Every structure is written in C-alpha cells, then in structure tokens.
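Enquirer: Sending over a structure as structure tokens; questions will come in a sec.
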Amino acid sequence: MSLACFECKQIGFFVRPLILFERKGSFDPQKPVSHYHNFYTGCATFDDLGEAVKSSRFMVVELCHNQSGGEDKIEETKHKLVDEEVLAKKLPKTFKALLKAGK
C-alpha cells in the first residue's frame, strides 16, 4: 500500500480515495481493502470517477475510519466499482501500474 499518489507523486494521501484492483473483478466485501493491489490517489475524488458500474476489475473506496493501513473491510467503506475507461482516462499511471501488479 502506497501513502503517496501514484499520479502526482505527492505523499500524505492516506485519507484520500484508494483504488483497488482484482484481476477477476470478484471483490469480497468481507476482506480488508489491503488484501487487494491498491494505490491512494490525490488526483481524483470518489465522485470524479463517475457512477458505479455493475462489474469491473477496479473499485474506489474511502476508508470510513480515516485510518491508514487499509484494514477496513470493503463492506465498512464507502465504495463502488468504477468504469475502466473512466479510470484509465482520469488516472492513467495508476491504471497501468495496477494492471501490471495484478498479473
């Protein structure tokens, strides 16, 4: 888990949205967000990533307890699946890095 924004390289974004990646798109709401490949972002808000979609390999979460470490379970967060095209356009470095990490 990175405490810096992968897009702009600024550090200290551990209370910002976290982008998760799961190769098959089967996120388990009972698992902690740290179980998945992820990067924090300071370059997009939860709402910047569009409306929730029905299926995706990417999810955006906001930790509800404002704690670093990502130990919140997905079901304990504000979260939604995000459209891959929207994510690739808004956060291209993060998108590519998560695809690479998830191979």
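No lab work stands behind these numbers, since they all come straight from the coordinates. As the structure is a prediction and not an experimental result, all values here were calculated from the model. Cβ sites come from the backbone with ideal geometry, for glycine too, and all protein chains shown count toward neighbours.
Enquirer: Between residue 84 and residue 23, what is the label-point separation in nm under the 7 Å Cα-to-beta-carbon projection?
Expert: 1.4 nm
Enquirer: A further question on this structure: Do any of 54/78; 73/93; 54/80; 24/54; 54/103; 24/89 go past 18 Å between their Cα atoms, and which?
Expert: As for pairs spanning more than 18 Å Cα to Cα, those are 73/93; 54/103; 24/89.
Enquirer: Using only DSSP helix segments of four residues or longer, with each worth -39500 (n - 2.57), what per-residue ellipticity at 222 nm results for the chain after dividing by its residue count and rounding to 500?
Expert: -4500 deg cm²/dmol
Enquirer: Relative contact order for the chain using alpha-carbon pairs under 8 Å, separation at least 6, rounded to a whole percent?
Expert: 33 percent
Enquirer: Count charges around residue 78 for me, please; just the other residues with Cβ under 12 Å from its Cβ, Lys/Arg as +1, Asp/Glu as -1.
Expert: Details: positive: 80; negative: 47, 62, 72, 75, 76.
Once all neighbours under 12 Å are counted, the net charge is -4.
Enquirer: Okay, next question. Roughly what percent of Cα-Cα pairs across region 18-101 reach past 19 Å?
Expert: The share of Cα pairs beyond 19 Å in region 18-101 comes to 27 percent.
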